[in-house]
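Only one structure is covered here, and it is reproduced in the block below.
The values are calculated or read from the model by the stated rules, or taken from the named source; none is laboratory data. Computed from a predicted model, the values in this text were never measured in an experiment. Please note: Cβ atoms are built from the backbone with ideal geometry, for glycine as well, and neighbour counts cover all protein chains shown. With ligands, DNA and RNA removed, areas are computed over all heavy atoms of the protein, side chains included. Shrake-Rupley method; radii C 1.70, N 1.55, O 1.52, S 1.80 Å.
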Amino acid sequence: MDALEYISITWRDALDIAFVTLLFYQVMIVIRGTRAVSAIYGLLLLIAVFAFSEYFGFYTLHWILQQFLSSFFLVVVILFQDDIRRGLSNMGARSFYKKTEVEDSFLDEVIGAAVNMAKRKVGALIVLEHHVPLGDVAQRGVLIDSAISKELLVTIFQVKTPLHDGAVIVRRGRVAAAGCILPLAVGDQDRPEYGTRHRAALGITEETDAIAIVVSEERGDITVAVNGRLTSNLDRIRLKRVLRNLLER
């Protein structure tokens, strides 16, 4: 009798496979386009060398890799601690939120302020909270909790005002805080043509799912940062389309 006839899959097995598949899918979504992908390729290469050394009897190499891989999960946590933290926070936040509609009036105020400051080459950094709360970031600035308006945003970023150097945090359609200090990005995205505001925008969007709008005082252009990536040279129409697509996810 064929051995396959003895194989039976219960509903528990099917559910187990489905959960594992979903877990791997979520992991791939989290690490897609990040530096973690390169690190995973490196780990896979080490595993391949480990198997190769065992097969061909390279005992010293095999022993060294065995000691390294025996702490595999600890190595993974150390290498991917930032990606793991960001992935868990994003997954947890999205579990409790549904797709939301973004009001045109809200977008018009934010975009109007960005375009106004870009024309006058006034530097600005506006961070829009999405699913992951930014309460700890807001606490490091000056709490405002005011209705959002173009005039308020433009006033905050005037060069001689006390709050113009920090970031504005926008939460639930209101200006939550200003003068906030954000973590700076390091690595491949840290290019010389971008200043501190761009690095801060990259930093906060690498750690959370926030959307950051940067107005450059040197070039007078508008850039949007999301997931640690920059989209530059946005005009009013493109900026509105980008922000709507991101905020309605």
Tabulated pairs, the range 107-122, first closer than 17 Å to L163 by Cα and touching a residue at least 40 places away in the same chain (Cβ under 8 Å), second in a helix (DSSP H, G or I) and open to solvent by less than 10 Å² (accessible area, probe 1.4 Å), C-beta under 9 angstrom, 6+ apart or interchain: A113/L153; A114/L153; A114/L239; M117/L153
Only strands (runs of 3 or more DSSP E) wholly contained in the range 121-234 count here; list those with 1 or more residues that are more than 20 Å from I111 (Cα to Cα) and touching a Leu at 6+ places or on another chain (Cβ under 8 Å). 142-147
Just wondering, is there one or more residues in the range 148-170 that are open to solvent by 10 Å² or more (accessible area, probe 1.4 Å), touching a residue at least 60 places away in the same chain (Cβ under 8 Å) and out of contact with any Gly (no Cβ under 8 Å at 6 or more places or on another chain)? no
If you take the residues of the range 113-135 that are surrounded by fewer than 20 Cβ atoms within 10 Å (Cβ to Cβ) and more than 22 Å from the chain's Cα centre (by Cα), which of them is nearest to L243 (Cα to Cα)? V115
Looking at the range 145-168, can you tell me whether even one residue there is within 24 Å of E101 (Cα to Cα) and among the polar types (S, T, N, Q)? yes
Among the residues of the range 207-225, which ones are open to solvent by 30 Å² or more (accessible area, probe 1.4 Å) and touching a helix residue (DSSP H, G or I) at 6+ places or on another chain (Cβ under 7 Å)? E207
Return a yes/no flag: does the range 59-72 have any residue that is modelled with pLDDT under 65 and part of a loop (DSSP other than H, G, I, E, B). no
Unique residue being of a type outside the set (K, R), over 27 Å from L246 (Cβ atoms), within 23 Å of the chain's Cα centre (by Cα) and at pLDDT below 80 when the list is L88, L79: L79
Looking at the range 22-58, which of the residues that are in a helix (DSSP H, G or I), under 27 Å from E206 (Cβ atoms) and among the β-branched types (V, I, T) is modelled with the highest pLDDT? I40
